[in-house]
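Student: This is the structure I want to talk about, given as C-alpha cells.
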Amino acid sequence: MLTQDDCDHSTYSTTWAAINGRPLSNNHYYNAEQLAVGDLPPDIYTLKQGNGNEIVTLGSTDGAGNEVRFAFTATLRAEEQWMDRKPVIQLGFTDNFYRFNKYSGLTWSNVAEMLAYDTGLAFHDFIIEAKNQIDSLLEHFEIAQRITTEKLSGRGIKVLAEPDGNHNYLLAARNFSPIRIMTAQNTNAGGPVVKPLYPHNVESDLSHEVLQRSFYEPFEIYAHIENELSKPIKERKALNAGIHSTGSAYASFLLWLNNNYGKDGDDSVWFPSLEEYYEYNYYRVNSTIDHEIIGDTLKLRISLPSEQYFYYPSVTVNLSGIAYDQIKRVISDDVVTGLSYASYDGGVMLNIDCRRFLNDHAEHFVEKYLHSQTESNRLDAIYFVEKLKESAKKEELRKRIPDYN
C-alpha cells in the first residue's frame with residue numbers, strides 16, 4: 001500500500017499518470033484540464049515494455065484474467081485555497097513553459113479524475129497553529145471534511161495519514177467518527193499503538209487501528225519486497241509505504257513491480273488504496289453468507305454491511321469442493337454489477353462487485369474514448385467495460401469501441 005503525503009502535485013502527474021499510461025515528465029508537471037486537451041510539457045514520455053511502442057498500464061488481475069490497476073492513497077489539504085486553482089491552457093504555445101511549473105499541490109480537478117480510477121483519499125495536515133490541541137484539530141477535521149464533500153459531490157474521507165510524526169492528529173481522529181483507519185510511522189509516548197500489518201493473520205475488522213508505514217527511497221523498496229517474499233506466507237508483512245514527491249525513479253519502480261509481480265509478471269501482488277483494503281477486510285470479517293442447494297443449483301445470499309463513506313462494495317467468495325468445469329453458468333441479481341470467477345487451489349473463486357454506478361462509469365469512459373481516440377483512452381474504455389459482469393449492456397459497450405480487442 002502507498003500513501004502520498006502533502007497533497008503533492010506529482011501525485012497526479014507522476015504516480016497516477018504512471019499507473020494509468022499517461023505522459024510523464026522529468027522536469028515539468030501538468031493538470032487534468034491540460035491533459036484533456038493535449039496541452040502537455042515538451043519533454044513528455046510514457047512507460048513502455050522493453051523496446052516496444054505500446055503504452056503500458058500497471059496493475060495485477062482479479063485472478064480471472066481481468067486487469068485491476070494499482071491504486072494508492074492521496075492525501076488532501078482541503079483548507080488550502082490553492083486547491084481551487086485553474087491551470088493555464090495554451091495549446092501550441094512554446095515561447096515558455098511556465099504553465100507546467102509545479103503547483104503548491106493538487107487541484108480539485110486532479111483529485112476528481114483520480115477518484116474515477118479508485119485512488120483513495122486521506123486527511124493529512126491542516127492550516128492550524130495549535131497543532132497539539134486535540135479540540136482544535138478535531139474542529140479542523142470537521143472543516144476539511146465539509147470542504148471535501150462540497151468539492152467532490154459528497155465524497156468523504158475515512159482515512160488519516162499522520163503528518164510530521166504528530167500523534168495528536170491520531171488522538172483527535174479517534175474522536176472524529178468518520179475516520180475508520182489510520183497510518184503512521186511509529187508509536188509515540190501518549191499516542192496510539194502503531195502496528196505492522198500481517199494480512200494473513202488479521203482477525204479483526206481493523207476499525208480505528210493505526211497501521212505502520214515506512215518511508216523508502218525507490219531503490220530501497222526492491223530489497224524489502226524480496227525479503228518479505230523469502231518468508232512463509234503467514235509471516236509476510238504488508239509493504240505499507242509513505243512517500244512525498246515522486247519522479248521517474250518511482251515510476252520505474254512501479255513498472256518493475258508490474259513486470260515482476262503484477263499482470264505482466266507472476267500476478268501475485270495486490271496493490272489497493274488503504275481505504276479499499278480496509279473495506280475489503282471489513283467485509284471479510286463482518287459479511288454473512290447464506291446458501292442453499294436446489295437440484296444442481298447453488299444459491300448464495302451475501303450481505304455486505306456497508307458503513308459511512310464506504311465506496312468499494314466487493315468481495316471474493318471461495319467455494320471449496322467445486323471444480324471450474326462443473327459450472328454451467330453464474331447469474332446474479334441487479335445489485336451485482338461486476339462478476340468473474342476462476343479456479344483456485346481447492347475450488348472456485350467468485351469475484352463480486354456491487355458498486356451501483358459501474359455501468360454508468362463504463363459508459364462514461366467509452367464516450368470519452370469516442371470523443372478523443374487516444375491510446376490511453378482506448379485502454380481505459382476497455383478496462384472499465386471489462387469490470388462489468390457479462391450482460392447485454394456490456395456487449396453493447398464492447399461493440400461501441402471501434403478497435404476493441
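The values are calculated or read from the model by the stated rules, or taken from the named source; none is laboratory data. What you are looking at is a predicted structure, and each value in this text was computed from that prediction instead of being measured. With ideal geometry, Cβ positions are generated from the backbone for all residues, glycine too; neighbour counts draw on all protein chains shown. Note: areas computed on protein heavy atoms with side chains; ligands, DNA, RNA excluded. Shrake-Rupley method; radii C 1.70, N 1.55, O 1.52, S 1.80 Å.
Yes or no, residue by residue, for (1) over 29 Å from residue 121 (Cα atoms); (2) touching a Leu at 6+ places or on another chain (Cβ under 6 Å); (3) at pLDDT 95 or above:
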{"site": "301", "(1), (2), (3)": "yes, no, yes"}
{"site": "311", "(1), (2), (3)": "no, no, yes"}
{"site": "323", "(1), (2), (3)": "yes, no, no"}
{"site": "337", "(1), (2), (3)": "no, yes, yes"}
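Student: Cβ contacts < 8 Å: first residue of a type in the set (Asp, Glu), restricted to the stretch 378-400; second residue crowded, with 20+ Cβ neighbours inside 10 Å and part of a helix (DSSP H, G or I), any location; separation 6+ or different chain. Result?
Tutor: 380/365; 380/369
Student: Would you please name the residue that is nearest to residue 16 (Cα to Cα), looking only at residues in the stretch 119-145 that are in a helix (DSSP H, G or I) and of a type in the set (A, V, I, L, M, F, W, C)? Full working, then the answer.
Tutor: Kept after step one, since they are in a helix (DSSP H, G or I), are these residues of the stretch 119-145: 134-145.
From what is left, the residues that are of a type in the set (A, V, I, L, M, F, W, C) are 134, 137-138, 141, 143-144.
Working: 134: 33, 137: 29, 138: 30, 141: 26, 143: 27, 144: 23 Å.
Checked the stretch 119-145; the qualifying residue nearest to residue 16 (Cα to Cα) is 144.
Student: Within the stretch 319-332, work out how many residues are open to solvent by 90 Å² or more (accessible area, probe 1.4 Å) and in a loop (DSSP other than H, G, I, E, B).
Tutor: Of the residues in the stretch 319-332, 3 are open to solvent by 90 Å² or more (accessible area, probe 1.4 Å) and in a loop (DSSP other than H, G, I, E, B).
Student: Same structure again: Being open to solvent by 10 Å² or more (accessible area, probe 1.4 Å), within 30 Å of residue 352 (Cβ to Cβ) and among the hydrophobic types (A, V, I, L, M, F, W, C), is that true of even one residue in the stretch 33-40?
Tutor: Our first condition is that a residue be open to solvent by 10 Å² or more (accessible area, probe 1.4 Å); within the stretch 33-40, this holds for 33, 35-38, 40.
With the extra rule that they be within 30 Å of residue 352 (Cβ to Cβ), the set shrinks to none.
No, every residue in the stretch 33-40 fails to be open to solvent by 10 Å² or more (accessible area, probe 1.4 Å), within 30 Å of residue 352 (Cβ to Cβ) and among the hydrophobic types (A, V, I, L, M, F, W, C).
Student: Return the residues of the stretch 292-334 that are closer than 16 Å to residue 282 by Cβ, of a type in the set (Ser, Thr, Tyr) and over 20 Å from the mean Cα position of the chain (by Cα); say none if nothing qualifies. Walk me through how you get there before you give the answer.
Tutor: First pass over the stretch 292-334, keeping only residues closer than 16 Å to residue 282 by Cβ: 302-317.
From what is left, the residues that are of a type in the set (Ser, Thr, Tyr) are 303, 306, 309, 311-312, 314, 316.
Residue satisfying the conditions is 303 alone.
Student: Mind checking which pairs have a first residue in the stretch 342-358 that is open to solvent by 60 Å² or more (accessible area, probe 1.4 Å) and a second that is of a type outside the set (A, V, I, L, M), Cβ under 8 Å, 6 or more apart or different chains?
Tutor: Listed pairs, sorted by first residue: 343/324; 344/63; 344/318; 356/337.
Here is a yes/no grid of residues against (1) touching a Phe, Trp or Tyr at 6+ places or on another chain (Cβ under 9 Å); (2) open to solvent by 20 Å² or more (accessible area, probe 1.4 Å); (3) within 20 Å of residue 149 (Cα to Cα):
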residue: 3; (1), (2), (3): yes, no, no
residue: 6; (1), (2), (3): no, yes, yes
residue: 28; (1), (2), (3): yes, yes, no
residue: 71; (1), (2), (3): yes, no, no
residue: 94; (1), (2), (3): no, yes, no
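Student: Collect the residues in the stretch 96-111 that are within 16 Å of residue 16 (Cβ to Cβ) and surrounded by 15 or more Cβ atoms within 10 Å (Cβ to Cβ), keeping them in residue-number order.
Tutor: Restricting attention to the stretch 96-111, the residues satisfying the condition of being within 16 Å of residue 16 (Cβ to Cβ) are 102-103, 105-111.
Scanning the stretch 96-111 gives 103, 105, 106, 107, 108, 109, 110, 111.
Student: Hey, any hits in the stretch 140-150 for a residue that's touching a helix residue (DSSP H, G or I) at 6+ places or on another chain (Cβ under 7 Å), under 30 Å from residue 36 (Cβ atoms) and among the basic types (Lys, Arg)?
Tutor: No - not one qualifying residue is present in the stretch 140-150.
Student: Looking only at the stretch 388-401, filter to residues that are open to solvent by 40 Å² or more (accessible area, probe 1.4 Å) and either in contact with a Lys or Arg (Cβ under 9 Å, 6 or more places away or on another chain) or among the acidic types (Asp, Glu) (or both); which one of those is nearest to residue 355 (Cα to Cα)?
Tutor: Among residues in the stretch 388-401 that are open to solvent by 40 Å² or more (accessible area, probe 1.4 Å) and either in contact with a Lys or Arg (Cβ under 9 Å, 6 or more places away or on another chain) or among the acidic types (Asp, Glu) (or both), the one nearest to residue 355 (Cα to Cα) is 390.
Student: Follow-up. Looking at 390, 395, which is the one that is farther than 26 Å from residue 121 by Cβ, in contact with a strand residue (DSSP E or B) (Cβ under 9 Å, 6 or more places away or on another chain) and acidic (Asp, Glu)?
Tutor: Numbers: 395 fails: in contact with a strand residue (DSSP E or B) (Cβ under 9 Å, 6 or more places away or on another chain).
Result: 390 is the single residue among 390, 395 that is farther than 26 Å from residue 121 by Cβ, in contact with a strand residue (DSSP E or B) (Cβ under 9 Å, 6 or more places away or on another chain) and acidic (Asp, Glu).
Student: Is it true that some residue in the stretch 103-120 is over 21 Å from residue 35 (Cα atoms) and of a type in the set (A, V, I, L, M, F, W, C)?
Tutor: no
Student: Regarding the stretch 167-180, can at least one residue be identified that is open to solvent by 70 Å² or more (accessible area, probe 1.4 Å), modelled with pLDDT of 95 or more and of a type in the set (Gly, Ala, Ser)?
Tutor: yes
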